[in-house]
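The values are calculated or read from the model by the stated rules, or taken from the named source; none is laboratory data. Because the structure is predicted, anything quoted here is derived from the model rather than measured. Counting neighbours? That spans all protein chains shown, and the Cβs are built from the backbone with ideal geometry, glycine included. Quick note on the areas: whole protein, heavy atoms, side chains included, nothing else; ligands and nucleic acids left out. Shrake-Rupley method; radii C 1.70, N 1.55, O 1.52, S 1.80 Å.
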Amino acid sequence: MSKIGLFYSPAKGNTEKLARKIADKIGNDKIELILVDEETSLAELNKFDKLIFGISTVGRESWDAEYTKVGWDFYMPKLEKANLKGKTVALFGLGNHILYAQYFVDAMGFLGKVVMEQDGKLVGFVDKNNYEFKHSEAIIDNKFIGLPIDEDTQEELTESRLNDWLSDIKKSIGF
Ligand SMILES: Cc1cc2nc3c(=O)[nH]c(=O)nc-3n(C[C@H](O)[C@H](O)[C@H](O)COP(=O)(O)O)c2cc1C
């Protein structure tokens with residue numbers, strides 16, 4: 001069976017913690033973790049048909065706001081030129097539903113929209129009724145287009161949220 005590519009950024013924080021937890025649960029032999037940085041190329045993505053993307057929201061509504069760019073800020077413009085036809089992608093996004101209720105996991109929404117625009121198949125949508133927030137760019141047809149995780153204020157829910165989501169994507173991502 002071909003490996004799953006788990007692309008994530010930024011390093012060292014909650015996104016990386018979740019990426020490693022997912023790899024442990026799926027099996028480290030079945031998944032390759034790739035930290036997305038300025039150097040990451042589309043060729044690296046093209047090695048995989050089954051993908052998981054992990055991203056945190058640490059800015060507001062735009063990618064060119066005043067903050068230090070992180071991996072996905074460099075990779076999104078490349079993805080906008082990619083052909084993702086035939087690729088299945090599941091997303092997880094880190095956020096904080098209390099401090100940023102108005103922008104909850106927005107970055108996961110921006111990333112997911114690029115995947116869809118480039119013909120990738122998104123899987124692992126999550127019911128929004130299990131979350132409290134005011135607005136999110138990651139909602140389509142009343143569902144989150146990936147798994148929102150709030151390690152800042154709901155760490156105790158992460159395990160069950162993650163397990164439910166992994167059962168949901170098991171077949172489509174193939175593990
Ligand atoms: C400067 C800053 C801005 C943030 N903006 C948002 C936001 O707009 N929406 C949101 O849901 N979370 C926001 N967060 C919360 C982070 O997404 C959350 O702390 C996440 O776990 C960070 O993951 P990381 O350590 O992998 O970057 C923000 C955090 C910081 C420090």
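Below, the figures for the structure above:
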{"item": "Surface per residue (accessible, 1.4 Å probe) for the chain, Å²", "result": "50"}
{"item": "Principal axis dimensions, the chain - Cα atoms, whole angstrom, descending", "result": "39, 35, 32"}
{"item": "Charge sum, other residues only, whose C-beta stays under 12 Å from Leu45's C-beta, Lys/Arg counted +1 and Asp/Glu -1", "result": "+2"}
{"item": "Contact order normalised by residue count of the chain, Cα under 8 Å, 6+ apart, percent", "result": "21"}
{"item": "Additional length obtainable on full extension of the chain from Lys69 to Lys17, 0.36 nm per residue less Cα span", "result": "16.7 nm"}
{"item": "Helix-only mean residue ellipticity at 222 nm for the chain, each DSSP H run of n ≥ 4 adding -39500 (n - 2.57), per residue, nearest 500", "result": "-9000 deg cm²/dmol"}
{"item": "Karplus-derived HN-Hα couplings along the stretch 162-167 (A = 6.51, B = -1.76, C = 1.60, θ = phi - 60°), whole Hz, x at Gly and Pro", "result": "5, 4, 4, 5, 5, 5"}
{"item": "Violating pairs (Cα-Cα greater than 21 angstrom) within the set Lys3/Lys87; Lys3/Lys128; Lys3/Lys121; Lys12/Lys128; Lys47/Lys78; Lys3/Lys25", "result": "Lys3/Lys128; Lys12/Lys128"}
{"item": "Spatially proximal lysines relative to Lys134 (Cα-Cα < 21 Å; intrachain offsets below 8 disregarded)", "result": "Lys113, Lys143"}
{"item": "Built amide H within the under 5 Å cut-off of Ala11, gap 5+", "result": "none"}
{"item": "Share antiparallel - DSSP beta bridges, the chain, percent rounded to 5", "result": "15"}
{"item": "Met108, Met116, reordered so the largest accessible area comes first (probe 1.4 Å)", "result": "Met116, Met108"}
{"item": "Residue (of Asn130, Leu35, Leu6) at the positive-pole extreme of the chain, dipole from beta-carbon charges", "result": "Leu6"}
